[in-house]
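Right, one structure below, let's go through it.
The values are calculated or read from the model by the stated rules, or taken from the named source; none is laboratory data. Here the structure is a predicted model, which is why all the values come from computation and not from measurement. Backbone-built Cβ (ideal geometry, glycine too); neighbour counts: all protein chains shown.
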Amino acid sequence: MTKPLKPADMQSLLTHDWRYQRAAAVVKGQWLPIIAEEEHPFRQQIQPEDLQFARELIASDTLTSQFDFNSYAGVQAMRQYFGSQLSSTGQHWLVSAYQ
């Protein structure tokens, strides 16, 4: 069952703002173009807010992904795929539901 997006998320989707672009890059597994355009070094890694919005985009059936946020195996696959591109807080956020 699909879950509707919140108004702020819908606004980001409609305008394809930087927040949407970061989340969509996570969903598509294409983070390197984001790193190239990010001016702030601390924002070059995937943050929890990027992961949360990515999960919401998948849950709303707006985007599809090879990654599964709803299983431990899926989360571990994401951690392995992105590796050091995930911030430490992003890694913690991913596994927090399974601790």
For this session: Take Val75 and decide whether it is more than 22 Å from Leu32 (Cβ to Cβ) and without any contact (Cβ under 8 Å) to a residue 60 or more places away in the chain.
Result: no
Exercise. Could you list, in sequence order, the residues of the stretch 1-31 that are crowded, with 16+ Cβ neighbours inside 10 Å, assigned to a helix (DSSP H, G or I) and either modelled with pLDDT under 95 or not aromatic (Phe, Trp, Tyr) (or both)?
Worked result: Asp9, Ser12, Leu13, Arg19, Arg22, Ala23, Ala24, Ala25, Val26, Val27
For this session: Collect the residues in the stretch 79-99 that are under 14 Å from Ala54 (Cα atoms) and either at pLDDT below 95 or in a strand (DSSP E or B) (or both), keeping them in residue-number order.
Result: Leu86
For this session: Working carefully through the options Phe42, Phe53, find the one that is outside any loop (DSSP other than H, G, I, E, B), surrounded by fewer than 18 Cβ atoms within 10 Å (Cβ to Cβ) and in contact with a Ser or Thr (Cβ under 9 Å, 6 or more places away or on another chain).
Result: Phe42
For this session: Check Ile34 against each of (1) modelled with pLDDT of 95 or more; (2) crowded, with 18+ Cβ neighbours inside 10 Å and name the one condition it does not meet.
Result: (1)
